[in-house]
Each structure stands twice: as C-alpha cells, then as structure tokens.
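Here the structure comes first, spelled out in structure tokens, and everything after it is commentary.
The values are calculated or read from the model by the stated rules, or taken from the named source; none is laboratory data. Predicted model, so just to flag it, every value in this text is computed and none were measured. Ideal geometry is used to build each Cβ from the backbone, glycine not excepted, and the neighbour counts take in all protein chains shown. In case anyone asks, the SASA skips ligands and DNA or RNA and just uses the protein heavy atoms, side chains included. Shrake-Rupley method; radii C 1.70, N 1.55, O 1.52, S 1.80 Å.
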Number of protein chains: 2
Amino acid sequence: MMNETAIKAIVEEVVSQLAKQPSIQPRSVPIAVSARHCHLTQIDVEALFGSGYTLTHKKDLSQPGQFAANETITIVGPRGSIEKVRILGPVRKSTQVEVSATDSIKLGLKPPLRESGDIKNSAPITLVGPKGSLYKQEGLIIAQAHIHMNPSDAASFSVQNGEYVTITTTTERPIAFSKVLIRVSSRYELEMHIDTDEANASLIGKDTNGILAKIEGSS
Amino acid sequence: MMNETAIKAIVEEVVSQLAKQPSIQPRSVPIAVSARHCHLTQIDVEALFGSGYTLTHKKDLSQPGQFAANETITIVGPRGSIEKVRILGPVRKSTQVEVSATDSIKLGLKPPLRESGDIKNSAPITLVGPKGSLYKQEGLIIAQAHIHMNPSDAASFSVQNGEYVTITTTTERPIAFSKVLIRVSSRYELEMHIDTDEANASLIGKDTNGILAKIEGSS
C-alpha cells in the first residue's frame, strides 16, 4: 500500500513533466500577403501583349528570381471583372491566376483551393490584355496558404516538405490558420504566403509574423 | 517503497484522466456571415430618403425583431465608394456602418475593430441616398466577431456576457478565431456573427457550424 503523500508526489511530477514537454514548439515566421495575381506562359504573354513581347521588370519579390512585372491584365468571369491584375514573372510552363474567395464572388466563379502549380480541372477564366484576350479552360485557383523555407529552416522547425502546420497570429484579431502547407526548396527564403482574405480576416499589415506549431500527429 | 509496476500504473492512470478532462469543452455554434451593412437613426433615414420616410421590410433576420430593409445606400470614402449597402432595421439611436477590412481598403478609410454600438471616435463615412447625403464624423467600424446567445445557452456553454472564446471551423480551410466576444441577452438566438473577410478566409458557406472552446484562464 502506498501512502497519500507518495501518490501526491507522483501525480505532481507527472503533471509537471507533461507541462514541460508540449508537443508544440512555437517559432516565428514572417507573413507576406499575396494580392490577386497571375503567372503566364510566354505564348499567353504574346497573345495578350503582342507577338514577341516580353514581360518587363517592376520589382523583385522576396523569393529569389521572382519579380512583379509592370504589365497587368483584366480578368473576367460571368458576374464581373477585375482590372489591373499584376503579372508575376518569369514566365512559367502553365498560365495560372490566383484570386481570393472575395474576388471569386465578384467574378462569379468557383476556383478550387489548390497548391500553386496544381491547376488540373481548376476554374476557367478570361484574360484580357491590350492586344488580345484568352479564354482559359482552367487555371483559376485560390492558393493554399503555404510557407516557403529552405532545408536548414525545415530542419530547425522539425518539419518536412508537404507537411501541414498551424500558424497563429497575435494581431488585434488573432487567428490560427490550421492547415498551412510546408514547401521546402534550397531556392526559398523563409516566408508564409497568405491571400488577402486571410490577411484581412486577421487584420494583418506589413511586418507581421506568425507562430508556427506542428499539428499533432501530422508527421 | 513502491514497485515500478505500481508507479507505471499510477502514471498511466493520471495521464489518462488528464486526457479525459480537457479544460476545453467543444460545442457547436451556427455561423452567420454579415455582409457590409448599416444601421440608421430615423433622422438620418429622412435625410437620405426624404422627410417622413420610414424603412420598409424586406426580410426578417435571425435575431428577433431585426430585419433587412428594402432600402440601400452608397457609402463613400476618399479612395472609392461601395453601392447597394443594405440598411438593417429597425432604426437605432446612432448611425453605424459595418464594413470588412477589404471594404475599408477600397474606401480608403481605417475603421477600428469595435463591438456593435461602440462608435465613439470611429472612422468618418459619407452616406449617399436618393434624396440627400450625409457626412458622419464617426460611425464606420469593422465589427468584432461575436456570438449571440440567451442566458440558458450561456449556462450550458459555461460562458458569460463579455467573455472571449475561441471558435474553430472544420472547413476546407480550417481556422480558429481566437477572440470572439460572447453577448448574452434573453432576446438573442444562438448564432456567431463574422464578417465576409473572416468567412472567406475560412471558405465558410451556408449552414456552417463552429466549435466553441473557452480560452483558458479568460474567465
């Protein structure tokens, strides 16, 4: 038979050990807000801006080699259109337009939530440029929130490419984004990308950081 | 001296009991999305729609006695305007316009995040109706996410008026809203009210429920 003091001591020790070893290790990640934008193939650039046209450089983006072009297009759906949608360069193998859910209501379209690059059977969209327009059967998506990081960051955060994590904000309107994709490449700078709906829901401005937590049991 | 088997059994029992008794008790709450709208005083109704004008009934809202009026107005800021902003009735003691952060960017204004009714030193806004326009020195807010409930709901959820709770969604883009105000009145139907940014950030459609969890240590 054990005495009560011993039981109490054991319980206290267990509780204390549990408190000391949370499954969640918080880490800070800079948050960047992606406004609606598009990526175009060279063929589509020429269809919209004229034969032989090449995108011109407006400013560098945080991910190395990526840039905002001076060129913009109008995107059109059955219910409405949105002007001055920025083109991001360099040109890609597939044309892809990324909008927010708010934008999609204005356009009258239902783009799926997808990882960038995964456009198969996504929503159709009409692109209008100064020298032509295009009806794309697919290419319109809402981008899955994700975190770019290099292998060293991934090791430090104990996360892997393709894993989902939770990111918590500490703004005036705090939110936990519960399904954020980890994307690892040696080309990447550490940065979380969210769309304008996600940013505005949490009143996220410039220079906001989120706290990364692993989803228990997800890896 | 206790043997190891006994210690192991106690530890296992403690851990199992802790797991069974979380401080968080999940409960389901229906979520309603509030599009941009305004509440007007009778004086302001008459300034915008004409002397002696009274709001007309379009449809009942979920909170008893509240209704969407047939009447809409245009709201205008230094950067842009938004047409067809629905008026909700009945008339109130103060005129108040509730917009999303996305709307506020379009208007070029910086409304504070406020509980409905708390408009002191909020943002200015111009209201335009068919018979006149008004410049309100204050009245434009972004509404704090909140949950209406009656005292019986509050007792069942173990929450109190004025308390903040966390609401988790289980949509394709799951979010935890970490600062949601509890508002208790015998007049209220159980319902969480969020704005369109919050709804679109979590891809919340009709008939979505959230899970309520108390914030530890908040009450």
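Taking the Cα centre of chain A as origin and assigning +1 to Lys and Arg Cβ atoms and -1 to Asp and Glu Cβ atoms, the resulting dipole is close to 620 debye.
Anisotropy class assigned to the protein assembly as shown is oblate, per the alpha carbon gyration tensor with a/c at or over the 1.5 cut-off and a/b no larger than b/c. In this Cβ point-charge picture (+1 for Lys and Arg, -1 for Asp and Glu), segment A:164-213 has a dipole of about 180 debye about its Cα centre. Along segment B:198-208 the Karplus relation, 6.51 cos²θ - 1.76 cosθ + 1.60 evaluated at θ = phi - 60°, assigns HN-Hα couplings of 4, 5, 6, 4, 10, 6, 8, x, 6, 6, 9 Hz to successive residues, with x for each Gly and Pro.
State whether segment B:164-219 is rounded, prolate or oblate according to the following rule on the C-alpha gyration tensor (a ≥ b ≥ c being the square roots of its eigenvalues): a/c under 1.5 gives rounded; otherwise a/b larger than b/c gives prolate, and the remaining case gives oblate.
It is oblate, given that a/c is not under 1.5 and a/b is not larger than b/c.
In the full protein context, segment A:37-142 carries 49 Å² of accessible surface per residue, based on a 1.4 Å probe and ignoring ligands, DNA and RNA.
Shown in residue order for segment A:146-155 are the 3J(HN,Hα) couplings computed by the Karplus curve 6.51 cos²θ - 1.76 cosθ + 1.60 at θ = phi - 60°: 8, 10, 7, 7, 8, x, 5, 4, 4, 5 Hz (x for Gly and Pro).
The spacing between segment A:129-187 and segment B:188-202, judged by their C-alpha centroids, is 24 Å. A Cβ-based charge dipole, computed about the Cα centre of segment A:37-142 with Lys and Arg at +1 and Asp and Glu at -1, lands at about 140 debye. Burial annotation for segment A:179-199: residues with an accessible-area loss of at least 30 Å² between the isolated chain and the complete set of protein chains, computed on heavy atoms with a 1.4 Å probe, are A:Lys179, A:Asp197, A:Glu198. Against chain A, whose longest principal axis is taken from its Cα atoms, helix A:4-20 shows a tilt of about 20°. Considering only B:Glu163, B:Glu71, B:Glu172, the mean-square fluctuation computed in a Gaussian network model of chain B, springs between alpha carbons under 10 angstrom, is largest for B:Glu172.
For the pair A:Thr41 and A:Thr74, a Förster radius of 22 Å applied to the C-beta separation gives a FRET efficiency near 0.75, rounded to the nearest 0.05. Restricting the calculation to Cα atoms, segment B:37-142 yields a radius of gyration followed by a Dmax of 12.9, 36 Å.
Carbon and sulfur: what percent of segment A:42-105's accessible surface (1.4 Å probe)? Don't skip to the end; give the middle numbers.
Working: 1680 of 3220 Å².
Result for segment A:42-105: 52 percent of the exposed heavy-atom area is carbon or sulfur.
Accessible surface of A:Lys179, taken over heavy atoms with a 1.4 Å probe and every protein chain present, rounds to 80 Å².
Residue separation of B:Ser28 and B:Ala9 scaled by 0.36 nm, minus their Cα-Cα distance, works out to 3.3 nm of gained length.
For segment B:102-184, what class follows from the C-alpha gyration tensor (a ≥ b ≥ c being the square roots of its eigenvalues): rounded when a/c is under 1.5, otherwise prolate if a/b is larger than b/c, else oblate? Verdict is prolate for segment B:102-184. Semi-axis lengths, largest first, of the ellipsoid equivalent to chain B are 44, 18, 14 Å, with √(5λ) applied to each eigenvalue of the Cα gyration tensor.
With the charge dipole of segment A:37-142 set up from +1 on Lys and Arg Cβ and -1 on Asp and Glu Cβ about the Cα centre, the Cα lying farthest toward the positive end among the listed residues A:Val99, A:Ser116, A:Thr54 is that of A:Val99.
Protein-only accessible surface at a 1.4 angstrom probe places the residues A:Thr170, A:Thr95 in the order A:Thr170, A:Thr95, largest first.
At a 1.4 Å probe radius, which order do A:Asp207, B:Asp153, B:Asp103 fall into by accessible area, largest first? All intermediate terms of the calculation are to be shown ahead of the outcome.
Numbers: A:Asp207 150, B:Asp153 30, B:Asp103 10 Å².
Final ranking, largest accessible area leading: A:Asp207, B:Asp153, B:Asp103.
In this structure, the residue pairs whose Cα-Cα separation is over 23 Å, taken from A:Lys206/B:Lys84; A:Lys206/B:Lys214; A:Lys110/B:Lys206; B:Lys93/B:Lys131, are A:Lys206/B:Lys84; A:Lys206/B:Lys214.
Rolling a 1.4 Å probe over the protein chains gives B:Tyr53 an accessible area of about 70 Å². Dipole of the protein assembly as shown computed with +1 at Lys/Arg Cβ and -1 at Asp/Glu Cβ about the Cα centre; of A:Gln144, A:Val128, B:Leu203, farthest Cα towards the positive end is A:Val128.
In this structure, the amide hydrogen of A:Lys58, modeled 1.01 Å from its nitrogen in the peptide plane, lies closer than 5 angstrom to those of A:Ala68, A:Ala69, A:Asn70, counting only residues at least 5 positions away or on a different chain.
Show me you know the interface measure: the accessible area buried between A and B, both chains summed, probe 1.4 Å, in Å² to the nearest 100. Intermediate values should be presented prior to the final figure.
Numbers: alone 12350 and 12310 Å², together 22250 Å².
Interface area, both chains combined: 2400 Å², rounded to the nearest 100.
Under the simplified labelling scheme, the B:Ser81-B:Ser51 pair shows an inter-label distance of 2.5 nm, with each label point 7 Å from Cα along Cα→Cβ.
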